[in-house]
Amino acid sequence: MIDLVVRRDVTEYRTVSGVCACGQAPSRFRESASAPVQFGAGLMAFAVSLTHDQHLPSQRATELLNALVGLLLSPATLVAWGWEAATRLAAPVAAIGQAVAQSAVAHADETGLCAGALHWLPVLCTTTLTFDAIHAKRGAEALTAIGLLGGFRGILVHDHWRAYLSAAAEHAFCNAHPLRELIALAEAYPAPRGPSASSHCCAKPTTPLARHGRRVSRP
């Protein structure tokens, strides 16, 4: 039987007070135990995963932690942990971005999100790596500020949005977009059924390049 047990683990640290023959008192707490009560790395990582990976609001994440292990946390505490995690992960995230920028093929896209006001989340990814960043703008200004496409010289797969064409890369249009538009046309304006009625306009790409996109020339 496979089951799940969730519990909290509390570790008590103690020191022994004393003075050695040299007159020094070397007994001290470990560096990570810097307060009478504090939270461990495992709890902080799990909370950040709830709010950032699972996209739970901070209030609901605190309610879940209270229900699971009886911890009463403030939503502001989870927000602070998120900022701390962002600081610690800044170097690895930057390394991921540089690795994507040096890849032979990368895919670019963007989506909107609410961060007090409408912001944009540009994404640049490969089959194994994903880099994203938040910016108030959507267009070329955001791509320039992020700085990854300036040095990208591989094949950039994207939709027909003009801002991506400003990159000095070899461009390939993602086939998902024209296929989706052709399907919409076929549904909106149905034609008489025949041997080639839908097989030509909605055929799926079969070649390796077609699965990535249709290659176009450099700008």
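Laboratory data are not the source of any read-out in this text; all were calculated from the coordinates shown. On a predicted model such as this, the values are computed, not experimentally measured, just so you know. Every residue, glycine among them, receives a Cβ derived from its backbone with ideal geometry; neighbour counts consider all protein chains shown.
Sorted fewest first by neighbouring Cβ atoms within 10 angstrom, M1, M44 come out as M1, M44. Around the Cα centre of the range 1-64, unit charges on the Cβ atoms of Lys, Arg, Asp and Glu (plus for the first two, minus for the last two) sum to a dipole of about 240 debye. Loop-located GluC sites (Glu not before Pro) in the range 7-81 (DSSP state not H, G, I, E or B) with no more than 10 neighbouring Cβ atoms inside 10 Å: E12, E31. Arranged from fewest to most other beta-carbon atoms within 10 Å of their beta carbon, W83, W120 become W83, W120. Per-residue Cβ neighbour counts within 10 Å put C174, C114 in the sequence C114, C174, beginning with the fewest.
Relative contact order for the range 41-88: 38 percent, from Cα pairs under 8 Å spaced at least 6 residues apart, divided by residue count.
Along the axis of the charge dipole computed for the range 37-175 (Cβ charges of +1 for Lys and Arg, -1 for Asp and Glu, origin at the Cα centre), the listed residues Q102, W161, I146 are led at the positive end by I146.
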